[in-house]
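What follows is a single structure, written as structure tokens, with notes after it.
The values are calculated or read from the model by the stated rules, or taken from the named source; none is laboratory data. On a predicted model such as this, the values are computed, not experimentally measured, just so you know. Cβ coordinates were reconstructed from backbone atoms using ideal geometry, including for glycine residues, and neighbour counts include every protein chain displayed.
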Amino acid sequence: MGKHLAFALILAALVPITATGQGAAYNLIDPVVAGLLNGSSVTTNASSIASATTGVVKGVAADGTTQVILRIPASSVGQQFTVTVIDGISPSTSIVNDGGVFALGGSPASAASSLVVTSVSVTGGAEAFAIYLAPVNFSRSSSDYTLTTRSVTLQVSSSSVVTGNASVTVARPPVVLVHGLWGSAASFDTFTPLITDTIFDVNYATYDNAITGITSTTPSYSKSAAIEANSLGFAYNAPSVLAQINNFIANYRTSANVASVKADIVAHSMGGDVSRTMLLLPNYLSNPTFPTFGAGPINKLITIATPHLGTPVAALLLASNNACVRNVLAGDQDYALASITFSGQMANGAVGDLEGNGFGGSLSMALTNLNQIQTQPFKTAYIAGIATSTNLNGLSCIFCTAEVVRALCSSNPLAKDLTATKWTTIYGQSNDTIVPLDSALNNLSGQQFSGVIHTAALETLDFKGPSVLDAASNISSEVISLLNEQPTGSDFH
């Protein structure tokens, strides 16, 4: 008997939310899936809501933006109901932690822990409606850190008599990893424990597809057939990454059976710049094919070693006196580009977009545009790496790749600087061997990790790891902490 009861409880947790009351079911309807939005708001057309046959869900992702409609059957028109958010067994005292309810036609800013609604006439009878706004963050305290889901209850009462309860599953937003310059999804292969932690729904946005129809590049290369999109600039890659994020969220809605419009983004290096560039796209806040209540699909942005203020090594790579070093990198399909023309279009190169002194001056136009954005509809946390002499000592070698580059490109300043004592002088401040500290922190504050390099790819040039994406850096564990942290926490800006 005990086994049958346990199975019944598990099955109940997997089906859409229904709670008996007035002879019918209380349903949670995802207005995005059911097509019940008017612009960025839920429609006030009661008949349309009452007749909706799709979008029944069991809960919401905790992103402070997602909304669902609670459909309440009534015995007559004009019947009043009180909808109360219950945390455990008591009425909620925190809209931030438990979400809130507001009326059709109302503003999410008016969401409260309790709401009185009145039934109206609909086809086949009478119904009342309330909109439930998702909690701002999944984790309320450390007790939630190991949970995949939690729950709150929407208690419905009429004339002080409880007529039903709807249990709402509160889920974590999906997580999307975005790689950087010359990277791919494989860049995150050692980013444990995050990528192996089953409490997170982890996805990989990529932009390493081959570019075809190339007619010219600046600088030019003798062989450029293997150029990939990860060598192109922010504006070229942002639309593709945005579309992937939207698809991941849509898939998550189906797999988790919850309403969801936002994802948490974890971006390495240029991936952070590409993610921020999405804000400049005309369809970021208002996308009729992927509505987000006017907020856009990014919940939190966590950047790891992102050159928000550029890096001086970008300008050096594009300089004419470093052509030999550029060609050595191109031999591994790592193309330093200022611009590229292909298939009848022209795009900036990624390295050109990354030009900057790392302190905030002499920025490329792409970075200037990003740093002119005064407000953004999401919070950002910054993580920076700092290399030490241990990471650089490998450059003091004779029979090694670094020495081959120094010998082969002996007239190039970058090759001459490829030594344990000279490399860090390029930046004029602490750095992770590619990105200056101020740039990674965007001249703000954030977590700093010492003894790491920018990317594991640098180990082929005799820099010593770990990289910021290696498990040994402990940065992945810090990211998990940030995913749990409230967006109003001290680590977010």
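Cβ separations smaller than 7 Å between residues 6+ apart or across chains give the following pairs from segment 389-402 residues that are assigned by TED's automatic domain parsing to the domain that holds S430 to residues that are among the acidic types (D, E): G394/D462; L395/D462; C397/E403; C397/D462; C400/D462; T401/D462; A402/D462. For the residues N412, N357, N442, the requirement of being more than 17 Å from L309 (Cα to Cα), crowded, with 16+ Cβ neighbours inside 10 Å, touching a residue at least 24 places away in the same chain (Cβ under 8 Å) and polar (S, T, N, Q) singles out N412.
Residues that are more than 16 Å from V68 (Cβ to Cβ), polar (S, T, N, Q) and either in contact with a Gly (Cβ under 7 Å, 6 or more places away or on another chain) or outside any strand (DSSP E or B) (or both) within segment 136-181 comprise N137, S139, S141, S142, S143, T146, T148, S159, S160, T163, listed in sequence order.
Test L280 against the stated conditions and say whether it is buried (at least 24 other Cβ atoms within 10 Å of the Cβ) and either among the hydrophobic types (A, V, I, L, M, F, W, C) or in contact with a helix residue (DSSP H, G or I) (Cβ under 9 Å, 6 or more places away or on another chain) (or both). Lay out the reasoning, then the answer.
Details: buried (at least 24 other Cβ atoms within 10 Å of the Cβ): no; either among the hydrophobic types (A, V, I, L, M, F, W, C) or in contact with a helix residue (DSSP H, G or I) (Cβ under 9 Å, 6 or more places away or on another chain) (or both): yes.
So L280 fails the test.
If you scan segment 459-493, which residues turn out to be touching a Lys or Arg at 6+ places or on another chain (Cβ under 9 Å) and among the small types (G, A, S)? Answer for segment 459-493, where residues must be touching a Lys or Arg at 6+ places or on another chain (Cβ under 9 Å) and among the small types (G, A, S): just G489. Taken over segment 111-137, the residue count meeting the criterion of being of a type in the set (S, T, Y), over 24 Å from S160 (Cβ atoms) and either outside the structural domain of S159 (by TED's automatic domain parsing) or at pLDDT 95 or above (or both) is 1. Only one entry of S187, S216, S220, S231 meets the criterion of being farther than 30 Å from S90 by Cβ, touching a residue at least 24 places away in the same chain (Cβ under 8 Å) and surrounded by fewer than 16 Cβ atoms within 10 Å (Cβ to Cβ), and that entry is S216.
Residues in segment 470-480: is at least one among the aliphatic types (A, V, I, L, M), closer than 23 Å to A330 by Cα, in contact with an Asp or Glu (Cβ under 8 Å, 6 or more places away or on another chain) and at pLDDT 95 or above?
Here is the first cut: in segment 470-480, the ones among the aliphatic types (A, V, I, L, M) are 471-472, 475, 479-480.
Remaining after also requiring closer than 23 Å to A330 by Cα: none.
No, because not a single residue in segment 470-480 is among the aliphatic types (A, V, I, L, M), closer than 23 Å to A330 by Cα, in contact with an Asp or Glu (Cβ under 8 Å, 6 or more places away or on another chain) and at pLDDT 95 or above.
Of all residues in segment 470-493, those being in contact with a Gly (Cβ under 9 Å, 6 or more places away or on another chain), in contact (Cβ under 8 Å) with a residue 40 or more places away in the chain and more than 30 Å from D98 (Cβ to Cβ) number 2. Going by the structure shown, is V258 touching a Cys at 6+ places or on another chain (Cβ under 8 Å), hydrophobic (A, V, I, L, M, F, W, C), crowded, with 21+ Cβ neighbours inside 10 Å and at negative phi? The answer is no for V258. Taking the criterion of being surrounded by fewer than 23 Cβ atoms within 10 Å (Cβ to Cβ) and under 17 Å from T212 (Cα atoms), the residues of segment 322-354 that qualify are A330, Q333, D334, S339, T341, F342, S343, G344, Q345, M346, A347, N348. Within segment 377-388, identify whether any single residue is surrounded by 15 or more Cβ atoms within 10 Å (Cβ to Cβ), within 36 Å of the chain's Cα centre (by Cα) and modelled with pLDDT under 95, and answer yes or no. Within segment 377-388 (the criterion being surrounded by 15 or more Cβ atoms within 10 Å (Cβ to Cβ), within 36 Å of the chain's Cα centre (by Cα) and modelled with pLDDT under 95), the answer is yes, since at least one residue qualifies. Screening F399 against (1) out of contact with any helix residue (DSSP H, G or I) (no Cβ under 6 Å at 6 or more places or on another chain); (2) at pLDDT 95 or above leaves a single unmet condition, (2).
Of T118, T123, which residue is in contact with a strand residue (DSSP E or B) (Cβ under 9 Å, 6 or more places away or on another chain) and surrounded by fewer than 21 Cβ atoms within 10 Å (Cβ to Cβ)?
Values: T123 fails: in contact with a strand residue (DSSP E or B) (Cβ under 9 Å, 6 or more places away or on another chain).
Exactly one of T118, T123 is in contact with a strand residue (DSSP E or B) (Cβ under 9 Å, 6 or more places away or on another chain) and surrounded by fewer than 21 Cβ atoms within 10 Å (Cβ to Cβ), namely T118.
Selection of first residues in segment 62-82 that are touching a residue at least 40 places away in the same chain (Cβ under 8 Å) and assigned to a strand (DSSP E or B) and of second residues that are of a type in the set (S, T, Y) and surrounded by 24 or more Cβ atoms within 10 Å (Cβ to Cβ), restricted to Cβ pairs under 9 Å at least 6 apart or on distinct chains, gives the following pairs, ordered by first then second residue: Q67/Y132; V68/Y132; I69/Y132; L70/Y132. Each residue in segment 36-79 was checked for being among the small types (G, A, S), touching a strand residue (DSSP E or B) at 6+ places or on another chain (Cβ under 6 Å), closer than 14 Å to F129 by Cβ and surrounded by 15 or more Cβ atoms within 10 Å (Cβ to Cβ), and 5 pass.
For N283, state whether it is assigned by TED's automatic domain parsing to the domain that holds A250 and more than 29 Å from the chain's Cα centre (by Cα). Walk me through how you get there before you give the answer.
Values: assigned by TED's automatic domain parsing to the domain that holds A250: yes; more than 29 Å from the chain's Cα centre (by Cα): no.
No, not satisfied.
Quick check on segment 252-271: of everything there that is touching a residue at least 60 places away in the same chain (Cβ under 8 Å) and in a helix (DSSP H, G or I), which residue is nearest to Y207 (Cα to Cα)? Looking at residues that are touching a residue at least 60 places away in the same chain (Cβ under 8 Å) and in a helix (DSSP H, G or I), I get G271.
Selection of segment 24-52 for residues being in a loop (DSSP other than H, G, I, E, B) and more than 26 Å from the chain's Cα centre (by Cα) yields Y26, T43, T44, N45, S51, A52.
Of the residues that make up segment 409-431, is at least one in the same structural domain as G180 (by TED's automatic domain parsing), touching a Pro at 6+ places or on another chain (Cβ under 7 Å) and under 19 Å from R326 (Cβ atoms)? Steps first, please.
First pass over segment 409-431, keeping only residues in the same structural domain as G180 (by TED's automatic domain parsing): 409-431.
The next check asks that each one be touching a Pro at 6+ places or on another chain (Cβ under 7 Å); those that pass are 426-427, 429.
Narrowing the set further to residues that are under 19 Å from R326 (Cβ atoms) leaves 426.
Yes; the residues of segment 409-431 include at least one that is in the same structural domain as G180 (by TED's automatic domain parsing), touching a Pro at 6+ places or on another chain (Cβ under 7 Å) and under 19 Å from R326 (Cβ atoms).
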